[in-house]
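Student: Okay, handing you the structure first.
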Amino acid sequence: MLFSVQSFLVLVKMKKISSLLLVLTCSLLLACQKKTDDASAQASAVTAPVTTAEPSKAPPTTEPSDEQRELEEKKRLMDYAMMEDKYLNDPRGQWASNAKASSTFGDDGKSGPSESNLAKNALGKVDGESWTNNNQNIGFDWLETSYDKAVSANEVRVVFENGNGVEAISKIELQEPSGNWVTVWTGISDQKVDRRGNRSWFVRGFEKTSFKTKAVRVSVANNLQHGYKVIDAVQLVGE
């Protein structure tokens, strides 16, 4: 009976030791597995390739051909021709019959101005003959034109030969029947030299006047566009 009790106690102790060893073994195995997983994650983070998006490539530009350039130039010239034709043949527009100016090129010369620069050259339709002022970059000059028919005006068109002076125009006035001058526009010209033709048109519309007018005064600020100002014609538009 004693042998049996001692044997039983030995077996119990052996089972406890086996259980403890089993627990320790499992713990060690779990710890090793965790270290292996951590090492694998670190290795993946280090060795993972970094991908970068390729920069987008701009589409290749195609230079226009000589034929295309020529066609575009012809379109520009056609637009200019149609614009001029509209103004020149406007039934509501009339051209000056008399003119005078503040100065004329050659005023300060010994022989005075030549016929080719006088204000009278601004009479009638566009014809290549013109008035030229006597100042290039100082002070103001003006050209007054009068017309046969008095109208309630709503537009004035000034034609500058080769664009000389189109950027210097600073004021447009109309004369009332009483003789007073009324400013219908003043400011800085937004019209640039028109390279499509031999003339640049300054066109300024305004509210129709309540009075009838038959005279226009165009003023230029000479320092706004250096050089002589050359006006071929002034058209008064109204009815």
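Student: So HIS226 passes all but one of these: (1) surrounded by 15 or more Cβ atoms within 10 Å (Cβ to Cβ); (2) touching a residue at least 60 places away in the same chain (Cβ under 8 Å). Which condition number does it fail?
Tutor: With respect to (1) surrounded by 15 or more Cβ atoms within 10 Å (Cβ to Cβ); (2) touching a residue at least 60 places away in the same chain (Cβ under 8 Å), HIS226 is out only on (1).
Student: Residues that are closer than 25 Å to GLU239 by Cα, touching a residue at least 24 places away in the same chain (Cβ under 8 Å), in a loop (DSSP other than H, G, I, E, B) and polar (S, T, N, Q): does segment 99-117 have at least one?
Tutor: Within segment 99-117, not a single residue is closer than 25 Å to GLU239 by Cα, touching a residue at least 24 places away in the same chain (Cβ under 8 Å), in a loop (DSSP other than H, G, I, E, B) and polar (S, T, N, Q).
Student: Can you name every residue in segment 192-216 that is surrounded by 14 or more Cβ atoms within 10 Å (Cβ to Cβ), small (Gly, Ala, Ser) and part of a loop (DSSP other than H, G, I, E, B)?
Tutor: GLY197
Student: Condition (residue is under 34 Å from the mean Cα position of the chain (by Cα) and of a type outside the set (Gly, Ala, Ser)) applied to segment 108-126: is it met by at least one residue?
Tutor: The answer is yes; a qualifying residue exists.
Student: Further question on the same structure: Among the residues of segment 135-188, which ones are surrounded by 14 or more Cβ atoms within 10 Å (Cβ to Cβ), without any contact (Cβ under 8 Å) to a residue 60 or more places away in the chain and either touching a helix residue (DSSP H, G or I) at 6+ places or on another chain (Cβ under 9 Å) or under 24 Å from GLU115 (Cα atoms) (or both)?
Tutor: Passing the criteria: GLY163, VAL166, GLU167, ILE169, SER170.
Student: For the list (1) closer than 18 Å to GLY205 by Cβ; (2) in a strand (DSSP E or B); (3) in contact (Cβ under 8 Å) with a residue 60 or more places away in the chain, I need the number of the one condition that ASP90 fails.
Tutor: Of everything listed in (1) closer than 18 Å to GLY205 by Cβ; (2) in a strand (DSSP E or B); (3) in contact (Cβ under 8 Å) with a residue 60 or more places away in the chain, ASP90 misses just condition (2).
Student: For segment 60-87, how many residues are in a helix (DSSP H, G or I) and not charged (D, E, K, R)?
Tutor: 9
None of the figures in this text is laboratory data; all of them are computed from the coordinates on show. Quick caveat, the model's predicted, so the values are computed rather than measured. All Cβ positions, glycine included, derive from the backbone under ideal geometry; neighbour counts span all protein chains shown.
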